[in-house]
Amino acid sequence: MTDLTKLTLTEARDGLAKKSFSALELTDAHLAAIEAARALNAYVLETPDQARAMARAADERLAKGAGGPLEGIPLGVKDMFATRGVRTTACARILSNFVPPYESTVTSQLWRDGAVMLGKLNNDEFAMGSSNETSAFGPVVSPWRRRIEKKILSESRGPSKDVAGPDLVWKGMKTSEEEIYDTAKLVPGGSSGGSAAAVAANLCLGATGTDTGGSIRQPAAFTGTVGIKPTYGRCSRWGIVAFASSLDQAGPFARTVEDAAILLRSMAGHDPKDTTSVDRAVPDYAAAVGKSVKGMKIGIPKEYRVDGMSAEIEKLWGEGAAMLKAAGAELVEVSLPHTKYALPAYYIVAPAEASSNLARYDGVRYGVRVPGRDIVEMYEKTRAEGFGPEVRRRIMIGTYVLSAGYYDAYYLRAQQVRTLIRKDFEDCFANGVSAILTPATPSAAFGIGEKTSEDPVEMYLNDVFTVTVNMAGLPGLAVPAGRDSQGLPLGLQLIGRPFDEETLFTLGGVIEQTAGRFTPQRWW
Amino acid sequence: MSVDTATVRKIAHLARIAVKDDEVAHLQGELNAILAFVEHLSEVDVAGVEPMTSVTPMAMKKRADVVNDGEIADAVVANAPAIEDHFFLVPKVVE
């Protein structure tokens with residue numbers, strides 16, 4: 001039997017429908033892959049018993065012809081989603097013993113549609129970080145490694161027998177090449193680093209993520225996977241550990257654009273329990289993949305040509321534009337003049353909302369408690385021990401910018417700048433632009449421990465291209481589009497009109513079709 | 001704007017996070033780096049600009065003022081570090 005973990009979600013669904021294999025076999029193959037990949041630290045909790053029980057139930061429903069759209073599909077869940085009876089920690093020490101008595105709306109919809117939960121995935125503590133290094137469970141190791149050398153052994157040799165599945169080769173790769181890799185460990189990006197690494201390393205067919213400033217799109221770009229942050233309000237935030245409520249959105253990771261579209265359809269939808277959830281029909285996103293892009297106007301924002309942008313990213317961006325043009329889209333230069341203020345405004349709004357949201361961790365109702373002489377000392381000790389350095393930093397910045405005398409200078413001004421950022425996009429879309437193409441990240445993945453300078457801003461700059469989208473509440477898709485000189489995957493970002501995720505899937509499909517897919521060579 | 005060590009201690013207290021003496025200088029440096037970064041916003045002309053209050057323009061949803069949940073005290077206190085019956089226990093706050 002072929003390796004079931006190498007299938008795409010769509011292929012697995014077809015295989016289950018044709019009874020080529022059972023949901024239990026599919027789940028078992030993934031559980032074995034997870035066990036063999038513990039060196040990546042992608043899963044912080046494996047739930048094999050629950051996974052097998054869910055897979056057996058899926059097989060029963062499939063046998064009766066009563067399967068849902070994700071029946072028997074094994075998925076990983078970012079540890080930011082509350083899962084009933086299954087430890088949910090946000091990868092924070094302060095929540096290390098929390099077992100929710102309820103299920104998040106997004107995950108409940110995945111189980112409603114028949115999906116199987118393999119376990120909980122690592123992330124930066126409370127989703128605050130861009131490398132997954134702030135997790136209380138330690139960093140995730142990317143399945144990707146830098147290539148040092150590429151030896152052509154024999155150019156005349158034909159394709160080897162390994163080229164069985166479409167995901168085994170990337171465009172242009174010859175199987176007669178021997179590649180030598182650096183053993184230095186790279187980050188998968190963050191905050192949804194576990195989700196990205198698990199999808200890239202075939203440890204699930206798809207995964208959930210959350211994105212507050214780029215936490216789905218940046219790790220997707222770093223790992224050669226597809227990730228989408230939908231429009232604010234598209235997915236319910238109920239049952240997701242809150243970071244910055246006006247920016248947080250859930251979204252899927254997958255190995256193909258179509259797979260991501262299938263997952264989003266199940267995750268999205270109105271939820272009366274989230275007042276910002278939008279009551280709007282959920283389209284069949286997968287139907288948008290493969291549609292024509294002829295005549296679509298694609299904006300190329302000049303402000304994204306930032307100082308010090310690497311030549312490789314600039315080249316990739318140009319190649320992506322050429323792919324869309326070749327498919328019949330029209331490219332137009334657009335201007336988003338407030339782009340450079342998005343990141344500074346984000347580092348006021350996000351910490352302000354975080355400081356308020358994280359006030360709930362006081363050692364009284366749930367989580368870890370450190371005793372003190374009185375209640376204030378108990379709070380202060382609990383929070384000092386329970387929060388890691390990055391979370392503490394952001395709570396303190398948020399507390400400061402919201403404190404008496406500073407609110408107008410910081411928070412109010414940042415929210416005004418946010419209005420201007422959204423207006424930049426609105427003006428662009430009003431001129432007939434269907435979507436905007438940008439790089440997803442300023443560079444390829446970096447090494448674990450490489451960005452731990454005294455200045456926290458260095459890490460924040462990773463989100464320079466993604467954060468504008470959260471500030472404006474728009475949908476953004478990251479799709480792999482090429483590789484750097486060391487063989488690491490690079491991604492592009494497509495930004496859409498509010499609730500027009502379909503156009504992003506259509507355009508992402510064109511890039512995927514042209515650029516091919518990107519799979520790390522297994523070393524773990 | 002930048003913060004001095006006294007302000008760092010004040011913020012830590014407002015945030016209810018204990019900070020050790022030898023951490024203050026380090027935190028001050030980090031917070032000032034972030035504050036210097038966000039200082040760029042002072043360049044922007046925001047006169048007459050409405051602050052964003054709703055990301056996706058929508059009318060506030062309201063639900064009926066009725067009891068639709070409850071009788072789950074066991075679940076509510078299940079994760080608490082210290083309880084007595086269905087009450088959360090905290091150190092004494094009133095003498």
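The values are calculated or read from the model by the stated rules, or taken from the named source; none is laboratory data. Given the structure is predicted, the values throughout are model-derived calculations rather than measurements. When we count neighbours, we look across all protein chains shown, and the Cβ atoms used for this are built from the backbone with ideal geometry, even at glycine.
Some observations on this one:
- Some residue of the stretch A:340-347 being touching a Lys or Arg at 6+ places or on another chain (Cβ under 8 Å), facing chain B (nearest Cβ under 8 Å) and assigned to a helix (DSSP H, G or I): yes
- Residue within the stretch A:449-461 that is touching an Asp or Glu at 6+ places or on another chain (Cβ under 7 Å) and closer than 30 Å to B:ALA47 by Cα present: no
- Of the candidates A:ALA329, A:ALA342, the single residue that is touching a Gly at 6+ places or on another chain (Cβ under 8 Å), at pLDDT 95 or above, in the same structural domain as A:LEU494 (by TED's automatic domain parsing) and under 19 Å from A:GLY476 (Cα atoms) is A:ALA329.
- Qualifying residue in the stretch A:334-349 (condition: polar (S, T, N, Q) and under 23 Å from B:ARG16 (Cα atoms)): no
Residue by residue, here is whether (1) within 22 Å of A:ALA244 (Cβ to Cβ); (2) not aliphatic (A, V, I, L, M) holds:
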| position | (1), (2) |
| --- | --- |
| B:VAL8 | no, no |
| B:HIS13 | no, yes |
| B:ARG16 | yes, yes |
| B:LYS20 | no, yes |
| B:LEU27 | yes, no |
| B:GLU50 | yes, yes |
| B:THR53 | yes, yes |
| B:MET58 | yes, no |
| B:LYS61 | yes, yes |
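- Just one of the listed residues (A:GLY447, A:GLY405, A:GLY398) is more than 7 Å from chain B (Cβ to nearest Cβ) and on the phi > 0 side of the Ramachandran plot, namely A:GLY405.
- Lone qualifier among A:ASN462, A:ASN470 - being in contact with a helix residue (DSSP H, G or I) (Cβ under 8 Å, 6 or more places away or on another chain), over 27 Å from A:ARG280 (Cβ atoms), within 14 Å of chain B (Cβ to nearest Cβ) and surrounded by 24 or more Cβ atoms within 10 Å (Cβ to Cβ): A:ASN462
- Qualifying residue in the stretch B:18-36 (condition: more than 23 Å from A:ILE375 (Cα to Cα) and in a loop (DSSP other than H, G, I, E, B)): no
- Within the stretch A:48-79, the set of residues being surrounded by fewer than 22 Cβ atoms within 10 Å (Cβ to Cβ) and within 22 Å of the chain's Cα centre (by Cα) comprises A:PRO69 only.
- Options A:VAL241, A:VAL282; residue that is farther than 23 Å from A:MET128 by Cα and assigned by TED's automatic domain parsing to the domain that holds A:MET128: A:VAL282
- Only listed residue being surrounded by 15 or more Cβ atoms within 10 Å (Cβ to Cβ) and not in a helix (DSSP H, G or I), chosen from B:VAL67, B:VAL49, B:VAL76: B:VAL49
- Odd one out for A:GLN513 among (1) over 23 Å from A:ALA287 (Cα atoms); (2) in a helix (DSSP H, G or I); (3) without any contact (Cβ under 8 Å) to a residue 60 or more places away in the chain: (1)
- Counting only residues that are in contact with a Pro (Cβ under 9 Å, 6 or more places away or on another chain) and without any contact (Cβ under 8 Å) to a residue 40 or more places away in the chain, the stretch A:315-350 holds 1 of them.
- The listed residue being closer than 23 Å to A:ASN357 by Cα, in contact with a His (Cβ under 9 Å, 6 or more places away or on another chain) and within 8 Å of chain A (Cβ to nearest Cβ), out of B:VAL90, B:VAL19, B:VAL44: B:VAL19
- Residues in the stretch A:452-501 that are among the polar types (S, T, N, Q), farther than 18 Å from A:THR210 by Cβ and out of contact with any strand residue (DSSP E or B) (no Cβ under 9 Å at 6 or more places or on another chain): A:THR452, A:SER453.
- Residue that is surrounded by the fewest Cβ atoms within 10 Å (Cβ to Cβ), among those in the stretch A:416-444 that are within 11 Å of chain B (Cβ to nearest Cβ) and touching a helix residue (DSSP H, G or I) at 6+ places or on another chain (Cβ under 6 Å): A:ARG422
- In the stretch B:47-79, the residues that are farther than 29 Å from B:ILE11 by Cα, polar (S, T, N, Q) and more than 7 Å from chain A (Cβ to nearest Cβ): B:ASN68
- Of all residue pairs spaced 6 or more apart or on separate chains, those with beta-carbon atoms under 9 Å, a first member in the stretch A:99-119 that is within 22 Å of A:ALA66 (Cα to Cα) and a second member that is assigned to a helix (DSSP H, G or I) and aromatic (Phe, Trp, Tyr) are A:MET117/A:TRP111.
- Screening A:LYS381 with (1) more than 30 Å from B:VAL49 (Cα to Cα); (2) within 27 Å of the chain's Cα centre (by Cα); (3) crowded, with 18+ Cβ neighbours inside 10 Å gives one miss only, at (2).
- Just one of the numbered conditions (1) farther than 23 Å from A:LEU186 by Cβ; (2) under 19 Å from the mean Cα position of the chain (by Cα); (3) in a loop (DSSP other than H, G, I, E, B) is not true of A:LEU110: (3).
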